[in-house]
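Comments concern the structure below.
Just so you know, all these numbers are worked out from the coordinates, no wet-lab data involved. Not measured: the values here are computed from a predicted model. Positions of Cβ are generated from backbone atoms using ideal geometry, with glycine treated the same way; all protein chains shown enter the neighbour counts.
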Amino acid sequence: MQRKVLIFTILLLIGGVLFCTMYSFPKAIDTSYPAVEFRTGDASSAQKTTVHIKGSLHRPLFRNQVFHGRITVEKYDYSKYEMADIVFYPEIRNGWGNITYYDWKPSGFAFGSIWKKGSFDSVKILLYEPIGPETGGGMIKNLQIIAPAEDYESAAELSAKVYSTNQ
C-alpha cells in the first residue's frame, strides 16, 4: 500500500513539474493607451498618439515571455504587414523585445525596441530611424513612444522613473 502511494506521489510530482515547465500561462491582452511620441529633453517634439495592443502574452515559468498579436501605433499605418512574435529577454537591457513587421516576401523591417511592465501595464518603444518599410529600419536616435501618457511631462517622467536603465 505504501509503495503504491509513493509511486502515485512521484508520478504526480513529475506531472506537475512537466506541466509547469511546458505550459505558457497565456493572458489575453486587448487594450489601448494614450501615448506620447517625443525625443528626450525636447518638449517641442512631443506628439500625442495612441498605442493599441491586442493578442496574447505567454508567460512560462522557466522561459522568456512571448507576445503573439499586434501592437499598433495610431500614427503609423502598417496594416498590410504582419507582426512577428515579440520575445522579451529579461537578461537583455531589463526586458528588451523587438517589434518587427514582415509582408510574406523575403523582406521585413524592424520598427523599434520595446519594453513593458507587467502585462503591458505600461510600454516604452524606442523607434528605429528612419522609420518604415522603405528604409528597412535603422538606428535608435532617441525617438520614443511612452504609454500611458497624456503629455510630454508625464511621458518623460514615466520614461525616467520606470525605464531609465533601458536606454
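Answer with yes or no whether Asp77 is of a type outside the set (A, V, I, L, M) and within 20 Å of the chain's Cα centre (by Cα).
Spelling it out, Asp77 is indeed of a type outside the set (A, V, I, L, M) and within 20 Å of the chain's Cα centre (by Cα).
Inside the stretch 93-107, can you point out the residues that are crowded, with 16+ Cβ neighbours inside 10 Å and either in a loop (DSSP other than H, G, I, E, B) or of a type in the set (A, V, I, L, M) (or both)?
Residues satisfying the conditions are Gly95, Ile99.
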